[in-house]
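The values are calculated or read from the model by the stated rules, or taken from the named source; none is laboratory data. Quick caveat: nothing in here was measured; it's all calculated off a predicted structure. Because the Cβ atoms are built from the backbone with ideal geometry, glycine has one as well, and the counts that use them run over all protein chains shown.
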């Protein structure tokens, strides 16, 4: 319950700081703080990050890329491309109110005396803005979440190109701080860090992988330059430990995929495309990604099938206390394979691809794949490696991650057939969400109104 209470209380704590001071200090208990401290802000922001990376936007991304299939209610609407600008207000608010704003407040109020906390918050802010711009395109970034500091409640919409530069600036500043010894730190990060328990080496590693992720995203516009930049960021990355959204096993701490499966049973199933692909490949991840049906088989839900008898999402993602990947070493290996392939370093591309596949399978199943699977899917050579191989195996490895949708848009792989029975009448898969409605209502002087869900965002159109 502690985590949930912290998460819900944070906005109130910030509000309290702006209220009347006439009772300040009266009856105040040191065990019930009224001012948000760096540890409290960090914990709450991490829960906001969890909500973003493993909540509705993850389900939308997985369904549009056919890793999952929406079979009832709002998930069927998403399956049929009914993407409304009123549907994701909570996700938008969570990104900005529970990650970006707390990051700004901590950096402004405590950054000079708590440099390591500020660095970690810059990484999380970059992660939040990366999701926002990849999903919506041009969004508030440089002026976002500064209401407590500047009083600006109507931030400008930055271009996605400038946001990508800003994200790299945040990550570069975090890397500089975390790479230094010492620094000014009145608080020590520890158990308040639900992701790494205060291990700053792992945060540094994660920042480098994120730098590579966002650099690699620009491959459509600069295939070689983006590859070279991404590899430079990955030069010092090790298998130090994956960034995971970690959950408990009591009711209030269950992960969101499990909670959704329980509370909204039969809304969402594993997608037919993914189940068929895993079955064809005899992939050992199938029983982890999908649960058996009542008939004892694995069945995926095809688009618009409304097949409520299809397989549920498996315990690897939707188990009660399952941890969910945010940023992983296997992703770094796939980026190395992809970048080397674009540079014509085919032997290196094959090597990193083979390592990535084995690492990705091991992460899910707990053991390396058998010799048969390795021979079929993790024994590429300079003569056999292809972009499609890399992208397709990465698609499998990124199961339920929002990154899957971005990577599909970037590479075009795997080749997915759009849902023919969709509400738009367009034979294409959506490439973005429409501009969030509250921005049109309350920030209309700045909001850029995009209604076309098939319009490409900047990096997708390079």
- [ ] Determine whether segment 176-188 contains at least one residue that is farther than 18 Å from residue 234 by Cβ, crowded, with 20+ Cβ neighbours inside 10 Å and free of Cβ contacts under 8 Å to residues at least 60 places away in the same chain.
- [x] no
Open item on the list: Among the residues that make up segment 307-320, is at least one of them at positive phi, surrounded by fewer than 24 Cβ atoms within 10 Å (Cβ to Cβ) and modelled with pLDDT of 95 or more?
Closed with: no
Open item on the list: Being at pLDDT 95 or above, surrounded by 13 or more Cβ atoms within 10 Å (Cβ to Cβ) and under 23 Å from residue 101 (Cβ atoms) narrows it down to one residue among 161, 143; which is it?
Closed with: 143
TODO: Residue by residue through segment 238-272, note down the ones that are under 15 Å from residue 308 (Cβ atoms) and part of a loop (DSSP other than H, G, I, E, B).
DONE: 264, 265, 266, 267
Open item on the list: Among the residues in segment 422-430, are any under 24 Å from the mean Cα position of the chain (by Cα), at pLDDT 95 or above, farther than 30 Å from residue 223 by Cα and crowded, with 18+ Cβ neighbours inside 10 Å?
Closed with: no
Task: Elements of type helices (runs of 4 or more DSSP H) contained in segment 342-411, each with 1 or more residues being over 20 Å from the mean Cα position of the chain (by Cα) and in contact (Cβ under 8 Å) with a residue 24 or more places away in the chain - done: 346-365, 371-377, 387-397
Task: Selected residue (criterion: surrounded by the most Cβ atoms within 10 Å (Cβ to Cβ)) from residues of segment 191-210 that are part of a loop (DSSP other than H, G, I, E, B) and free of Cβ contacts under 8 Å to residues at least 40 places away in the same chain - done: 198
TODO: From the list 372, 386, 415, pick out the single residue that is more than 25 Å from residue 215 (Cα to Cα), out of contact with any strand residue (DSSP E or B) (no Cβ under 9 Å at 6 or more places or on another chain) and surrounded by fewer than 17 Cβ atoms within 10 Å (Cβ to Cβ).
DONE: 372
TODO: Give the residue, chosen from 104, 114, 148, that is farther than 26 Å from residue 450 by Cα and at pLDDT below 95.
DONE: 148
Open item on the list: Just the residues that are touching a residue at least 40 places away in the same chain (Cβ under 8 Å), more than 12 Å from residue 101 (Cβ to Cβ) and more than 22 Å from the chain's Cα centre (by Cα), please, taken from segment 146-158.
Closed with: 154, 156
TODO: Count, please, the residues in segment 420-462 that happen to be more than 20 Å from residue 90 (Cα to Cα) and not in a loop (DSSP other than H, G, I, E, B).
DONE: 4
TODO: Just need a number here: residues in segment 431-461 that are in contact with a helix residue (DSSP H, G or I) (Cβ under 7 Å, 6 or more places away or on another chain), within 29 Å of residue 412 (Cα to Cα) and surrounded by fewer than 16 Cβ atoms within 10 Å (Cβ to Cβ).
DONE: 1
TODO: State all residues of segment 228-237 that are assigned to a loop (DSSP other than H, G, I, E, B) and buried (at least 20 other Cβ atoms within 10 Å of the Cβ); if no residue qualifies, say none.
DONE: 237
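Residue-wise test of (1) touching a strand residue (DSSP E or B) at 6+ places or on another chain (Cβ under 8 Å); (2) crowded, with 20+ Cβ neighbours inside 10 Å; (3) under 15 Å from residue 336 (Cβ atoms); (4) touching a residue at least 60 places away in the same chain (Cβ under 8 Å).
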| site | (1), (2), (3), (4) |
| --- | --- |
| 212 | no, yes, yes, yes |
| 219 | no, yes, yes, yes |
| 226 | no, yes, yes, yes |
| 239 | no, no, yes, yes |
| 246 | no, no, no, yes |
| 251 | no, no, no, no |
| 262 | no, no, no, no |
| 271 | yes, yes, no, yes |
| 277 | no, no, no, yes |
TODO: Inspect segment 117-131 for any residue being modelled with pLDDT under 95 and out of contact with any strand residue (DSSP E or B) (no Cβ under 7 Å at 6 or more places or on another chain) and give the result as yes or no.
DONE: no
